[in-house]
1. Every residue in region 49-71 that is in a helix (DSSP H, G or I), over 15 Å from Asn16 (Cα atoms) and open to solvent by less than 40 Å² (accessible area, probe 1.4 Å), please.
2. Within region 112-125, is there a residue that is farther than 18 Å from Phe36 by Cα and assigned to a strand (DSSP E or B)?
3. Among the residues of region 100-120, write down those that are under 21 Å from Glu71 (Cα atoms) and open to solvent by 50 Å² or more (accessible area, probe 1.4 Å).
4. Which condition from (1) over 14 Å from Ile9 (Cβ atoms); (2) open to solvent by 30 Å² or more (accessible area, probe 1.4 Å) is the one that Glu129 breaks?
5. Considering each of Arg22, Arg46 in turn, give the residue that is open to solvent by less than 70 Å² (accessible area, probe 1.4 Å) and among the charged types (D, E, K, R).
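The values are calculated or read from the model by the stated rules, or taken from the named source; none is laboratory data. Note that this is a predicted model, so its numbers are computed, not measured. Methodologically, a virtual Cβ is constructed for each residue, glycine included, from the backbone with ideal geometry; neighbour enumeration extends over all protein chains shown. For the accessible areas, the whole protein counts, side chains as well, though only heavy atoms, and no ligand, DNA or RNA atoms are used. Shrake-Rupley method; radii C 1.70, N 1.55, O 1.52, S 1.80 Å.
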Amino acid sequence: MRLFLDTNILFTAAHNPKGKARLVIELGTQGYWELFSSPYALEEARRNLERKFSHTLNDLGTLQHGISLVEHHADLAFPERLAQKDQPIFQAALACRATHLLTGDLRDFGPFMNQPENTFGICIQTVAEFLNNLG
């Protein structure tokens, strides 16, 4: 499996070391799946952490080592009606051939959750949904 991590997953994993987002990253670094994100998502997570939980910026840096960064490609497709701010996230997930895009952004990604047939084969899920579906 190839997991693409949205901004809020990186943010949550950095400031909540006992949470599910951190678990997904830890399991990925142990080889259970491949982890991807984008410089766009990482920078947004860094800015948000700096503003809200600046003491956790080192945690984000440490977590980043187990995640491959991939640029988005503006010429790649994205689901119709996806918010403009989320299009680079989806395009980066598509560029790395992610099987899953993990996000907590239910407002913008909610209409596309668990519908890989409508999202170019990518299953968009929350971390909890992803973990629950493992078995």
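1. none
2. yes
3. The one that is under 21 Å from Glu71 (Cα atoms) and open to solvent by 50 Å² or more (accessible area, probe 1.4 Å): Phe120.
4. Only one criterion is unmet by Glu129, namely (1).
5. Going through Arg22, Arg46 in turn, just one is open to solvent by less than 70 Å² (accessible area, probe 1.4 Å) and among the charged types (D, E, K, R): Arg22.
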